[in-house]
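These notes are about the structure you will find just below.
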Amino acid sequence: MRVENSFIPVRGVGEKTERSLWEAGVTHWDDFRPDPVGETTAERIQSFIDEGYDRLADGDVTYFDQAFPNSEQWRLYDTFSENACFFDIETTGLDQHRDEVTTVSFHQGGETETLVQGDDLSAESLRATLGEADLLVTFNGKRFDVPFLEESFDVDLDRPHLDLMYTCKKLDLSGGLKEIEQSIGIERDRPDISGRDAVRLWREHERGVDGSLETLIEYNREDAVNLRTLADEVTAALDRRVFVD
């Protein structure tokens, strides 16, 4: 579902009214006609459509991020996925005030990049990598990855952000990323590695154990790449569940 299929950001339009529009054949902004709704609501919808097209032309993701209800932000994905940045971090623990970020992997535009502590992981490299993204995509990133990076590197990541943990919950998919991947058939090259192993691998790397960093990077990169697959799968499933085409 693209944002042009949606009317729910309009004041006075809830799920019921939006569905009635779709069922009346108004499934796209271009199809809008006022007769399925009252005059006042029709005026609001037309105003939203007019501004929406201007904002789309400007690539203003923030406008739509703020316009859509939090529970419906998954609808931004199809429209802005081309310039989305899927990313995941590994750390030495769960406390953003005491523990450290060890690796950060980004999957964007079909390419995957990993920044490593002590090498190329810095505030400048994070800003350069994330700065051009229209949409951040994570799993539990609003509570973990983003606050951790902001605390550790003094960077501002306040931008449109699709956290797939909440998107998955709309489909009654719960648990961690790997558990959800398994439940919907997303396979991994190294299913035997966990977040706890990622901490161990970093400690081994610090002690000079050969291959430990390479294994950690491989694991972290797979997290980031799989976020793209997961986002495709769950937004498509929600589209089938919600949208009346």
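Within the range 136-151, the residues that satisfy the criterion of being in contact (Cβ under 8 Å) with a residue 40 or more places away in the chain and closer than 15 Å to Phe106 by Cα are Leu136, Val137, Thr138, Phe139, Gly141, Asp145, Leu149.
Conditions tested, residue by residue: (1) buried (at least 18 other Cβ atoms within 10 Å of the Cβ); (2) not in a helix (DSSP H, G or I).
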| residue | (1), (2) |
| --- | --- |
| Gly59 | no, yes |
| Phe64 | yes, no |
| Ser71 | no, no |
| Phe80 | yes, no |
| Arg98 | no, yes |
| Ser105 | yes, yes |
| Thr114 | yes, yes |
| Gly118 | no, yes |
| Leu126 | yes, no |
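When the range 221-245 is filtered for residues that are in contact (Cβ under 8 Å) with a residue 12 or more places away in the chain and among the basic types (Lys, Arg), the ones remaining, listed by number, are Arg221, Arg228, Arg241. Collect the residues in the range 130-154 that are crowded, with 17+ Cβ neighbours inside 10 Å and at pLDDT below 95, keeping them in residue-number order. Passing the criteria: Leu130, Ala133, Asp134.
When Ile8, Ile45 are checked against the criterion of being open to solvent by less than 30 Å² (accessible area, probe 1.4 Å), in contact (Cβ under 8 Å) with a residue 24 or more places away in the chain and in a loop (DSSP other than H, G, I, E, B), a single residue qualifies: Ile8.
When each of Glu15, Glu51 is tested for being surrounded by fewer than 17 Cβ atoms within 10 Å (Cβ to Cβ), under 24 Å from the mean Cα position of the chain (by Cα) and among the acidic types (Asp, Glu), the lone residue that passes is Glu15.
For the range 156-170, which positions are touching a Lys or Arg at 6+ places or on another chain (Cβ under 9 Å) and either assigned to a helix (DSSP H, G or I) or open to solvent by 10 Å² or more (accessible area, probe 1.4 Å) (or both)?
Asp156, His161, Met165, Tyr166, Lys170
Of all residues in the range 21-31, those satisfying the criterion of being open to solvent by 30 Å² or more (accessible area, probe 1.4 Å) and in contact (Cβ under 8 Å) with a residue 24 or more places away in the chain are Glu23, His28, Asp30.
For the range 192-245, a residue qualifies if it is closer than 27 Å to Leu21 by Cα, assigned to a helix (DSSP H, G or I), open to solvent by 30 Å² or more (accessible area, probe 1.4 Å) and in contact with a Lys or Arg (Cβ under 9 Å, 6 or more places away or on another chain), and the qualifying residues are Asp239, Arg241, Val242.
The numbered conditions (1) modelled with pLDDT of 95 or more; (2) farther than 24 Å from Asn83 by Cα; (3) more than 20 Å from the chain's Cα centre (by Cα) are all true for Leu173 except (3).
With respect to Glu72, is the statement that it is touching a Phe, Trp or Tyr at 6+ places or on another chain (Cβ under 8 Å), of a type outside the set (Val, Ile, Thr) and closer than 30 Å to Phe139 by Cβ true? Against the criterion (touching a Phe, Trp or Tyr at 6+ places or on another chain (Cβ under 8 Å), of a type outside the set (Val, Ile, Thr) and closer than 30 Å to Phe139 by Cβ), Glu72 does not qualify.
The values are calculated or read from the model by the stated rules, or taken from the named source; none is laboratory data. Note that this is a predicted model, so its numbers are computed, not measured. In this analysis, Cβ positions are derived from the backbone assuming ideal geometry, glycine residues included, and neighbour counts consider all displayed protein chains. The accessibility values were calculated without ligands, DNA or RNA, using every heavy atom of the protein model including side chains. Shrake-Rupley method; radii C 1.70, N 1.55, O 1.52, S 1.80 Å.
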